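In what follows, a structure is listed as structure tokens, so that the remarks can point back to it.
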Amino acid sequence: MTPISIKESLRFGWHTFTARPWLFVQTGLLLFLVNVAVNLLQSLLEMGGKQGGDVAAGSIGLISAIIGITISFLMSMGETNFFLRAHDNTETATLKDLWHPESFWKFVGVSLLSGLAIFAGFILLIVPGIIAAILLMFVGYIVIEERLTPIAAMKKSIALTKGNRWKLFQLGLVIFGINILGFMALLVGLFVTIPVSFLTMAHVYRTLSKNEIAVEEVPLASA
């Protein structure tokens with residue numbers, strides 16, 4: 001198993017971002033505006049529900065929550081698909097790649113299962129939660145690309161991280177630090193650091209996937 005390189009992965013993320021910076025800034029702005037619009041819609045729905053009594057408020061609140069959760073999942077799916085496409089060919093990536101609703105329920109299922117596993121791990125003295133987060137960090141990519149079932153995607157993510165888990169933990173800390181710096185730069189820096197982070201992780205996923213393919217293609221030694 002070839003170890004991933006944190007430096008090379010970050011370099012790739014930065015160079016890919018600088019190849020078409022306006023595309024990535026547009027992506028961030030679009031996602032931000034969608035999030036603002038959803039929050040505004042939810043607020044308006046809740047205000048209208050309160051004027052209709054307790055039953056209406058409860059029903060509207062449920063509808064509002066469903067809308068918010070659904071759009072959140074669709075945005076996450078779109079982000080994952082977009083940055084994979086941008087990783088593979090920056091020149092052909094477009095904002096249309098943000099719309100990728102295929103395998104929606106599988107994505108929801110794997111997100112919930114992995115989220116529960118990570119949450120349970122954090123309850124068990126935090127460290128198991130960190131380990132679970134590392135083991136399951138690629139489930140979204142796998143469902144988007146291969147449309148596997150949630151359990152199959154979780155198993156594959158665990159297999160992909162084997163041999164590189166300490167490096168992935170270190171990379172996670174580096175990316176967290178970079179985005180803290182982006183936040184400190186009057187929030188504007190996040191329009192750079194977030195895309196670079198996504199592109200970096202897409203590169204790591206591609207690298208680990210190639211490692212897996214290489215291992216599978218090695219012929220068995222003759223007896």
Worksheet item: Which one of 130, 69, 118 is out of contact with any helix residue (DSSP H, G or I) (no Cβ under 6 Å at 6 or more places or on another chain), surrounded by 14 or more Cβ atoms within 10 Å (Cβ to Cβ) and β-branched (Val, Ile, Thr)?
Response: 130
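To keep it simple, each residue is scored yes or no on (1) over 20 Å from residue 4 (Cβ atoms); (2) at pLDDT below 95; (3) touching a Lys or Arg at 6+ places or on another chain (Cβ under 8 Å); (4) part of a helix (DSSP H, G or I).
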residue: 81; (1), (2), (3), (4): yes, no, no, yes
residue: 97; (1), (2), (3), (4): yes, no, yes, yes
residue: 110; (1), (2), (3), (4): yes, no, no, yes
residue: 158; (1), (2), (3), (4): no, no, no, yes
residue: 170; (1), (2), (3), (4): no, no, no, yes
Item to complete: Search region 20-32 for residues that are under 11 Å from residue 95 (Cβ atoms) and pair each with any residue that is surrounded by fewer than 14 Cβ atoms within 10 Å (Cβ to Cβ) when their beta-carbon atoms are under 8 Å apart and the residues are at least 6 apart or on different chains.
Response: 23/94; 23/95; 26/95; 27/95; 30/95
Worksheet item: If only one of 144, 194, 134, 180 is without any contact (Cβ under 8 Å) to a residue 60 or more places away in the chain, under 20 Å from residue 84 (Cα atoms) and assigned to a helix (DSSP H, G or I), which one is it?
Response: 134
Worksheet item: Going by the structure shown, is residue 52 touching a helix residue (DSSP H, G or I) at 6+ places or on another chain (Cβ under 8 Å), modelled with pLDDT under 85 and surrounded by 14 or more Cβ atoms within 10 Å (Cβ to Cβ)?
Response: no
Worksheet item: Which of the residues spanning region 141-168 are of a type in the set (Phe, Trp, Tyr) and surrounded by fewer than 14 Cβ atoms within 10 Å (Cβ to Cβ)?
Response: 166
Discussion item. Condition first: within 18 Å of residue 76 (Cα to Cα) and in contact with a Lys or Arg (Cβ under 6 Å, 6 or more places away or on another chain). Can you find one or more residues in region 135-149 that meet it?
Written reply: yes
Worksheet item: Does region 83-105 contain any residue that is among the aliphatic types (A, V, I, L, M), in contact with a Pro (Cβ under 8 Å, 6 or more places away or on another chain), closer than 20 Å to residue 35 by Cα and surrounded by 14 or more Cβ atoms within 10 Å (Cβ to Cβ)?
Response: no
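The values are calculated or read from the model by the stated rules, or taken from the named source; none is laboratory data. No experiment lies behind these values; they were computed from the predicted model shown. Neighbour counts run over all protein chains shown; Cβ positions are idealised from the backbone, glycine included.
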